[in-house]
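The values are calculated or read from the model by the stated rules, or taken from the named source; none is laboratory data. Please read all numbers here as calculations on a predicted model, not as lab measurements. Every residue, glycine as well, gets a Cβ built from its backbone with ideal geometry; the counts of neighbours run over all protein chains shown. Just so you know, the surface numbers come from the protein's heavy atoms only, side chains and all, with ligands and any DNA or RNA stripped out. Shrake-Rupley method; radii C 1.70, N 1.55, O 1.52, S 1.80 Å.
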Amino acid sequence: LKDQFDNLDKHTQWGIDFLEKYAKFVKERIEIEQNYAKQLRNLVKKYCPKRSPKDEEPRFTSCIAFFNILNELNDYAGQREVVAEEMGHRVYGELMRYSHDLKTERKMHLQEGRKAQQYLDMCWKQMDNSKKKFERECREAEKAQQSYERLDNDTNATKADVEKAKQQLNLRTHMADENKNEYAAQLQNFNGEQHKHYYIVIPQIYKQLQEMDERRTIKLSECYKGFADSERKVIPIISKCLEGMILAAKSVDEHRDSQLVIDCFKSGFEPPGDFPFEDYSQNIYRTISDGTISTPKQEGMRIDSKTTVGKAKGKLWLFGKKPKPQSPPLTPTSLYTSSTPNGSQYPIFSIEPVHYCMSDIKTGKPRIPSFRSLKRGYFYLQGPALEDFSHLPPEQRRKKLQQRIDELNRELQKETDQKDALIKMKDVYEKNPQMGDPGSLQPKLTETMSNMDRLRMEIHKNEAWLSEVEGKVAARSDRRHSSDINHLVTQGRESPEGSYTDDANQEVRGPPQQHAHPNEFDDEFEDDDPLPAIGHCKAIYPFDGHNEGTLAMKEGEILYIIEEDKGDGWTRARRHNGEEGYVPTSYIDVTLEKNSKGA
C-alpha cells in the first residue's frame, strides 16, 4: 500500500503536468491567432487607400469592390482577435487558475497521507519498544529464577543469600508482568491504529485524490469544448465577411467602369473635319468656260494653292500645326462644289463667305487657346489651373463648374441659416435686454451679409461660365448634326468656338445667361408654409415661457423640433396643436431624425 501511495503521487503529478502542457498549447495558439490578425490588419492598412481629395476617390466598381473586400478582411481579422481573446479568457486563463488550485489540493492530500503514515510508524515503534522491553525483562526474570534455584539447592549457601535471591526473583517477575501488560496495551493500540489507517484514513485520502484527478479530467474536457466553441462562435460572422467579399466581387460592372472612363476623359472637342478638295485643274476649265457667269468670280477670288495647302496642313487637329491668327481660314460655307457636264467638279464661290471673312477680320474675335499640352500627356494635369477652368476640355469644364456651383450654393445656405439665427437672436435680445446686447450681433450680421453677397456674385459668375460652356456644347452638337446631313460640304474653317490661337489668354466668351435673379434669394424668407419637423425633444425641466416668442412646456412633454440651436442657446419647437416658439436648449433632450438636413 505504501508503494501504491507513491504511485498515486506520481500519477497526480503527471496529470498536473499534462494540464499545464495543454495550457501552453493554448497559449501558443492564441499567439498564432494574434499574430495572424495583426498581419491581416497590416496587410489591409498597406493596401487601403489613404485619405485623398474628393476628386481622387476611387469610382471604378473594380476598385470599390477591392476596398470592400479589404474592409471585410479587416472585419475577418477582428474576428480572429475575438477568437484569441475568447481562448485566452475562457480556456488559457481558466486552465492556469485551475492548475494552481489543483497543485494546492494535491499537496494537502499528500501531506495528510504522509502524516497518517508517520503516525502509524510511531505507533509501531512504541509497540516494538514495549515488546523488546518485555522480552528483556522476561530474560532477566529467568536468570533470577535460575539463580534462586541454584542457591536454594546449594547447602553451603546462607539463608540470607537465598532470601536475597528470592527477593530478586520476585522483583524481576513483577517487572516482567508490568512490561507484559504494557506490551499488550501497545500491541492492541497499534493494531487499532493500523486498522484505522488502512481501512479509513488511507482510503479516504485515495478517494480525495481520485476525485481531484477526475475533476482535472472533466476540466480538460470542458476546455477542449471551449476551445472549439471559441472558433465556432465567430463562424457566422466570418461567413458574413466571406459573403460580403462575394457580393463585392459580383458588384464589379465592366460597362459602368467603361462609362466612367468615358465621362472622365470626354473632352467635348469636335473631331477634325474632312480635308477640302483642292482643284488644280481650274485653269483648264477656265479656258473652256470663259463665257460662263462664274468665270470672273473665279478669277477674282482665285485661291493660292500654296495658301490652301498650308491651311489644310495647319488643320491637323491638336497635334499638328495651328492656323495663324492673322490669316483667318474660310468658313465651312465658303466653298461649294459643282459638277460640269462631263462629271468633273470645280469650286464655286459665293459672296456670303467674303462678308463673313471680312466681318471676322474687322471684329477680330479672340479664339480659344490651344491645348498644346496634349502632346505631353493629360492636358488637365498640365500648367496652373484657371479660375474658370478654361484649361479643361468643355465637358470636363462643365462638370467642374457645376461642382463649384453646388458647393457655393451649400455655403450660401449655411450663411443664410446663420443670418436667420442672428436675426432671431437679435430679436430675442431686443425683447429681453437682460439676455444680451443686440448691438453686439451687428458686426457678425454685417459680415454674414457680406459673405452672402460675395457668394451670390461667385455663383452668378460661375453660372455665366457654365451657360457659356453649355451653349458651346449645344452649338457643336448642332454643327455635328448638320455635318452629318451635308457630309459633302468641305470644312475650310472651324467655328470660332473650335478655333485655336497661340495666345492662351484669348477665348470667345458669349454673353452670360442670367440664371440668378435679384429677388431669388429674398423670396426664401417670404415662405409662409410651416417648417417641417427635423426631430423631436423631451422636456427635462419645466419652462414658463412668459417672454414673447418663447414656448411654455411642462416636464416630460414631447415637442417637435423645427429648427436647431444656432449657437444662441434657443431651439425652435412646435406642439402637436401647431403652436410654435423658442425653448432653452439646455432644458430639453433633443433627438434629430436622419436625413433631416436635406428636408
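The table below gives the values:
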read-out: Extension reserve of the Glu20-Lys233 stretch, reckoned as 0.36 nm per residue once the Cα distance is removed; value: 74.2 nm
read-out: Pair Arg215, Asp75: separation of 7 Å Cα→Cβ label points (nm); value: 4.4
read-out: Residue-level accessible surface for Lys414, protein heavy atoms, 1.4 Å, Å²; value: 140
read-out: Inter-part distance where the range 412-469 and the range 208-261 are each reduced to a Cα centre, Å; value: 56
read-out: Cβ-Cβ FRET estimate between Phe275 and Ser62, R0 fixed at 30 Å, reported to 0.05; value: 0.15
read-out: Set Lys10/Lys207; Lys10/Lys125; Lys46/Lys233 screened for pairs whose C-alpha atoms are more than 18 Å apart; value: Lys10/Lys125; Lys46/Lys233
read-out: Apportionment of accessible area to carbon and sulfur, the range 392-473, percent (1.4 Å); value: 51
read-out: Given Lys50/Lys240; Lys240/Lys399; Lys21/Lys115; Lys225/Lys250, the pairs whose alpha carbons are separated by over 28 Å; value: Lys240/Lys399; Lys21/Lys115; Lys225/Lys250
read-out: Potential extension, Asp427-Asn129 segment - 0.36 nm per residue separation minus Cα distance; value: 95.8 nm
read-out: Heavy atoms of His89: accessible area, 1.4 Å probe, square angstrom to 10; value: 130
read-out: Accessible surface ranking that places the most exposed of His195, His109 first, with a 1.4 angstrom probe; value: His195, His109
read-out: Accessible-area composition of the range 2-255, carbon plus sulfur, in percent [1.4 Å probe]; value: 52
read-out: Residues Gln204 and Tyr224, FRET efficiency given R0 of 45 Å [Cβ-Cβ distance, rounded to 0.05]; value: 0.90
read-out: Whether the range 392-473 is rounded, prolate or oblate, judged on the alpha carbon gyration tensor where a/c under 1.5 counts as rounded; value: prolate
read-out: Heavy atoms of Phe60 accessible to a 1.4 Å probe, total area in Å² rounded to 10; value: 70
read-out: Mean separation of Cα contacts under 8 Å, 6 or more apart, over the residue count of the range 533-590: relative contact order %; value: 37
read-out: Gap separating the Cα centres of the range 86-160 and the range 29-48, nearest whole Å; value: 66
read-out: Over 29 Å between alpha carbons, listed pairs Lys444/Lys538; Lys132/Lys159; Lys426/Lys538; value: Lys444/Lys538; Lys132/Lys159
read-out: Lys46/Ser258 FRET efficiency (R0 25 Å; Cβ-Cβ; nearest 0.05); value: 0.30
